[in-house]
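Below: one structure, written as structure tokens.
The values are calculated or read from the model by the stated rules, or taken from the named source; none is laboratory data. Quick caveat, the model's predicted, so the values are computed rather than measured. Neighbour counts run over all protein chains shown; Cβ positions are idealised from the backbone, glycine included.
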Amino acid sequence: MNLILTVKITLIIFIFFSCAKKNNSNILDYNHFQSGNIIKILNKEKYDKSFIYISKSETYFFNQKNIFFYGKYHEKLGTLVPFESINLYIPSHINTNLIEILPSKNSNAFCHDIKFKIKDNKVYISKKIGILKTITECKFNLGLSNNQMSNIEFNLKFNYTIYDWASELGNNTEAQRTAKFILSKKYDLNENEINLNRTKLKDFSPLTSFSNLQKLNLEENKLHDIDKSISYLTLLKHLNLSKNKLEKIPNSIKHLNKLETLNIENNKISKIEVNQNDLQNLKNLNLSFNNIQIINKEINNLLKIQNLNLSLNKIEEIPDYISSLKNLESLNLNHNKLLSINDKLKKLKYLNKISLEGNKIKSIPKSINKFKNLQYLDLSSNDIKKIPSTFILLNQLIYLDISFNFIEIIPEKIDQLAHLKYFIAEGNNIIRIPENLLKIERIKLINLKSNEIHLINKNIFNYIINKHSILLNDNPGYPNFGNSSALNITIKNIRS
């Protein structure tokens, strides 16, 4: 009875395999094959991603940290160390001499030119393969010539080293342009950071030679998508894709599990498309200046997000489910179309910074006092008329900007904001300064410019002049505010 076995194996290795049926007429000259890895009989095993580098003088087998190379030793790649073995799960009752390895039907011509041979539990790899135009992924199927076994699959990624992309091997390719530019900047192969902004480069295949790369800047390159080579930069922590033409978060970066900071500012993204297990360690996401209208629920898949910038979009509502972002510390929704502040944000116990400048918010919720750890709050340029009495219970607040609203009264007990250093209320309808505002010991800046202040009590006025300077320009009573004895005194402007 025939045995049907279905197994999927993913290898991202620099390896070439060739398949030969058990037919002596098909056996190739072993001088045309590189010696491969021993096939071992194993239990099921998870495989690390691995890779094949093709070179003029040597072949590199590469996984996340290691390279296995044949032939001439390349002094510029001297820091790379050998990759020792690759293990495939083959049932013990299978005669490995009957195994054949063939590319899947949908593979391109390059993949079909790769030949494999198995003999005595060793994989032999063809030395002669086609010419690459870019980094190329091939899917292969293992089967038996007697059709007993099928659908065992593995993937290989093929690439050139950066030096070979820059050589005649890379002629007439976008990858060659990239390689030559990078080499002209004299980056070391152990480089942690590479800057490719404003270069108009499109193919980043040569970057896989930089196995230690942690920070990459691709700002302002008119990119509509990012090729798969980026997904192989497994140590990447910071990626800048701002000022391009991306319409979605590229699939090629979603499995960069070490990525912590992603900047996609100023693109054409309309939806936050991230699946479960995408960008698992992302902490900082900048999606400002895009076309986002709705914060969709998929954002909750960003479990470790700490700083989220969605400013300069078209968002009309803060959804309840954003309160599921348990690690969120900073939320920037400046210059959107918000009408209110969702009090569900109070559930975010680490949230200490909220920026809501330039919206259409009409009121501050009474539950604002439940935002226990709030240190920075920007509500400038909205339609707010009143500060609720509960506001003064934000006893961790350091920075408060309520400028350019329609506020008339500052709460009398504002001195309970004991940690407040910056109070900015420019451009409102405030008619008087509460004495308690001047009792806050840590205050560094009070900006009350462009309000409706005509008169100031003499004692408070003398205090302002002698003890604590504030910004009071462009008020109706400026500069003496009804204190005739102070006509020649200029109120100082604090700048720090």
Worksheet entry | One residue from 420, 397 being closer than 23 Å to residue 323 by Cα, in a loop (DSSP other than H, G, I, E, B), in the same structural domain as residue 460 (by TED's automatic domain parsing) and in contact with a Leu (Cβ under 8 Å, 6 or more places away or on another chain) | 397
Worksheet item: Only one residue in 168, 191, 174 is charged (D, E, K, R), modelled with pLDDT under 95, within 27 Å of residue 130 (Cβ to Cβ) and surrounded by fewer than 21 Cβ atoms within 10 Å (Cβ to Cβ). Which one?
Response: 168
Worksheet item: When you go through (1) assigned to a loop (DSSP other than H, G, I, E, B); (2) in contact (Cβ under 8 Å) with a residue 24 or more places away in the chain; (3) farther than 30 Å from residue 284 by Cα; (4) not aromatic (Phe, Trp, Tyr) one by one for residue 172, which number turns out not to apply?
Response: (2)
Item to complete: Being free of Cβ contacts under 8 Å to residues at least 24 places away in the same chain and among the β-branched types (Val, Ile, Thr) is the filter here, so list the residues in the range 430-451 that pass it.
Response: 430, 431
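One line per residue, one yes/no per condition, for (1) in contact with an Asp or Glu (Cβ under 9 Å, 6 or more places away or on another chain); (2) farther than 22 Å from residue 377 by Cβ:
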{"site": "267", "(1), (2)": "yes, yes"}
{"site": "287", "(1), (2)": "yes, no"}
{"site": "311", "(1), (2)": "yes, no"}
{"site": "319", "(1), (2)": "no, no"}
{"site": "325", "(1), (2)": "no, no"}
Practice prompt. Determine which member of the set 436, 428 is modelled with pLDDT of 90 or more and within 42 Å of the chain's Cα centre (by Cα).
Written response: 428
Worksheet entry | Condition broken by residue 274, with the remaining ones in (1) over 24 Å from residue 136 (Cα atoms); (2) aliphatic (A, V, I, L, M); (3) out of contact with any helix residue (DSSP H, G or I) (no Cβ under 8 Å at 6 or more places or on another chain) satisfied | (3)
Worksheet entry | Flag for residue 247 being modelled with pLDDT of 95 or more, part of a loop (DSSP other than H, G, I, E, B), of a type in the set (Asp, Glu) and surrounded by fewer than 19 Cβ atoms within 10 Å (Cβ to Cβ) | yes
Worksheet entry | Residue, surrounded by the most Cβ atoms within 10 Å (Cβ to Cβ), within the range 276-294, restricted to residues that are in contact with a Leu (Cβ under 7 Å, 6 or more places away or on another chain) and of a type in the set (A, V, I, L, M) | 282
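With the condition being within 30 Å of residue 235 (Cβ to Cβ), I'd like the strands (runs of 3 or more DSSP E) fully within the range 274-390 carrying at least 2 qualifying residues. Before you say what the answer is, go through the steps one by one.
Working: elements: 284-286, 307-309, 330-332, 353-355, 376-378.
So the answer is 284-286, 307-309, 330-332.
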Worksheet item: How do the pairs read when you match residues in the range 218-240 that are over 18 Å from residue 285 (Cα atoms) with residues anywhere that are surrounded by fewer than 21 Cβ atoms within 10 Å (Cβ to Cβ) and of a type in the set (Asp, Glu), using Cβ under 8 Å and keeping only pairs 6 or more apart or on different chains?
Response: 224/247; 227/203; 228/137; 229/203
Response to the item:
Within the range 423-436, the residues that are touching an Asp or Glu at 6+ places or on another chain (Cβ under 7 Å) and assigned to a helix (DSSP H, G or I) are 436
Item to complete: Consider only pairs whose beta carbons are under 6 Å apart and that are at least six residues apart or on different chains; among these, list those whose first residue lies in the range 296-322 and is among the acidic types (Asp, Glu) and whose second residue is surrounded by fewer than 16 Cβ atoms within 10 Å (Cβ to Cβ).
Response: 316/337; 320/344
Practice prompt. Scan the range 393-409 for residues that are buried (at least 21 other Cβ atoms within 10 Å of the Cβ) and over 18 Å from residue 356 (Cβ atoms) and jot them down.
Written response: none
